[in-house]
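Worksheet: one structure, shown below.
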There are 2 protein chains.
Amino acid sequence: MKKELLIVKVGGNVIDSEENLFSFLKKFSAIKGHKILIHGGGKLATDLSNALGIEAKMVDGKRITDAETLKVVVMVYSGINKTVTAELNALDTEATGVCGAGLNLLPAKKREKGDIDYGFAGDILLDKIPVEKWDMLLEQGICPVVAPLTADATGQLLNTNADTIASCIAQALSKLYSVKLIYCFEKDGVLKNPIDETSVIEHIEPEQYVILKEQGVISKGMIPKLDNAWNALRSGVDKVIIGNAFHIDKLTASEHKTGTLLSLQ
Amino acid sequence: MKKELLIVKVGGNVIDSEENLFSFLKKFSAIKGHKILIHGGGKLATDLSNALGIEAKMVDGKRITDAETLKVVVMVYSGINKTVTAELNALDTEATGVCGAGLNLLPAKKREKGDIDYGFAGDILLDKIPVEKWDMLLEQGICPVVAPLTADATGQLLNTNADTIASCIAQALSKLYSVKLIYCFEKDGVLKNPIDETSVIEHIEPEQYVILKEQGVISKGMIPKLDNAWNALRSGVDKVIIGNAFHIDKLTASEHKTGTLLSLQ
């Protein structure tokens, strides 16, 4: 029987406020067992860009990372990473901040220029993720806290979507672990009606997903999130749930009663 | 016989330029054996403070870290940390970025207000440094890259002088290791005449140090650096050398022929 592993990606407004972040981390730290936390930080990066007079350029929700923007996201994401790590350690979760750069945990390559030049954006080389190194950290009772940065073979840091990082780590580690992947943010799940917080869709399968996209119910940033989720499930990840970060305790319970469960059938 | 350990603090202009940094890291990565790298980054922090319109306040070379300044130094130092880590991994040194926060590696407390309120400045609790955790990382062939940040028991990140961090780690690990501590920057060592780069003092003992301070030969930022060095030597560190980062290969050779050697007698 495989060991169990919880992988949580936290994003959205949860990261932007110290109170929200601490409230989430307090619940996260109380969860027992092997766990990995991946965080975003896009809004804070945009704030710092603005303060420095660097225009934040986005295409379809993806950031164009020119050299100046890379400096900003490296600082912001790394800073959040240290802050989260410090708070978790104070909450008795032995945590260490990592990114793709540390121990080459997430080998990546710079995205090639297509119609759009995303600049210093990194695509993870899934087959090269060193599963044994992640396992070594987890086996020592360490909770890796992952910033959305990767590095290529030359040591160039690259901006990489946190949802994708979570999916890739989940896929790679599903060789050794039974993985539950949770995407959490400030909403209760995938909503039927974006302005009605109670309209959570409890369960989505791929066929229904296609229809929901056509209907425009699922749109924008939720599309890559769900695509990452399907990739994860197709590559052996046990369970993917999308839900509210402040209910992380309920989302991780064996019989979760909140959030949107994704499954292939 | 104790295992050997090299601890290098790199600072000064070496950090401020990508070319200089890479040139140093290339030589550092080629050094064999257990090693730890501590970096500063004060000048870049001052640059970002200025760009954001936050006045950098210094007293006797020490930064006053108010809440806004803390945000800046956390971002800047953490960003440098990820950059250095990524480059070292690309140079085949298995490195992981850490700070006092990760794994509680450098337990600290907020400095109490005296005549001067240093704000979010952290003083390391030397006796609480978890020697076994550092040893565990080193024994796995990992080179920890340390940002000049610590955290208190509540998870509050604190700004801590990189020279002091290097000295504290060296002292703590001297229980298990024979430690060589190198402070390196853009100069060739402690200079008799600050504008004459060839006037390196080859060897300083504590008695001579007192005289050199009285004569004003050793002043400003060099005083806390040397005080950290004496503390290290008195607590069991084998050797302390101050020298040029670009000659790190020569400084670490068993018969070093460059830099200033400090010894108690």
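The values are calculated or read from the model by the stated rules, or taken from the named source; none is laboratory data. Keep in mind the model is a prediction, meaning the values are calculated, not measured. When we count neighbours, we look across all protein chains shown, and the Cβ atoms used for this are built from the backbone with ideal geometry, even at glycine. Surface accessibility is based on the protein's heavy atoms, side chains included, excluding ligands, DNA and RNA. Shrake-Rupley method; radii C 1.70, N 1.55, O 1.52, S 1.80 Å.
The listed residues are B:Ile7, B:Ile54, and the only one of them that is among the hydrophobic types (A, V, I, L, M, F, W, C) and within 14 Å of another protein chain (Cβ to nearest Cβ) turns out to be B:Ile54.
Residues in the stretch B:206-223 that are open to solvent by 40 Å² or more (accessible area, probe 1.4 Å) and within 21 Å of the chain's Cα centre (by Cα) were compared, and the one that is nearest to B:Val10 (Cα to Cα) is B:Gly221. On inspection, A:Asn159 does not qualify as facing another protein chain (nearest Cβ under 7 Å), of a type in the set (S, T, N, Q) and surrounded by 24 or more Cβ atoms within 10 Å (Cβ to Cβ). Those helices (runs of 4 or more DSSP H) of the stretch A:191-261 in which 2 or more residues are over 21 Å from A:Thr164 (Cα atoms) occupy A:206-214, A:248-252.
Restricting attention to the stretch B:11-65, the residues that are among the acidic types (Asp, Glu) and either in contact with a His (Cβ under 9 Å, 6 or more places away or on another chain) or assigned to a loop (DSSP other than H, G, I, E, B) (or both) add up to 2.
Once the stretch B:226-247 is narrowed to residues that are under 18 Å from B:Gly11 (Cβ atoms) and touching a strand residue (DSSP E or B) at 6+ places or on another chain (Cβ under 6 Å), the residue that is surrounded by the most Cβ atoms within 10 Å (Cβ to Cβ) is B:Val240. Entry remark, the stretch A:18-58: residues being out of contact with any strand residue (DSSP E or B) (no Cβ under 9 Å at 6 or more places or on another chain) and under 21 Å from A:Lys250 (Cβ atoms) number 8 in total.
Assess whether A:Glu68 counts as being in a helix (DSSP H, G or I), within 25 Å of B:Ser49 (Cβ to Cβ), in contact (Cβ under 8 Å) with a residue 40 or more places away in the chain and open to solvent by 10 Å² or more (accessible area, probe 1.4 Å). Against the criterion (in a helix (DSSP H, G or I), within 25 Å of B:Ser49 (Cβ to Cβ), in contact (Cβ under 8 Å) with a residue 40 or more places away in the chain and open to solvent by 10 Å² or more (accessible area, probe 1.4 Å)), A:Glu68 does not qualify.
Of everything in the stretch A:26-45 that is away from chain B (no Cβ under 14 Å) and within 24 Å of B:Leu70 (Cα to Cα), the residue that is most open to solvent (accessible area, probe 1.4 Å) is A:Lys43.
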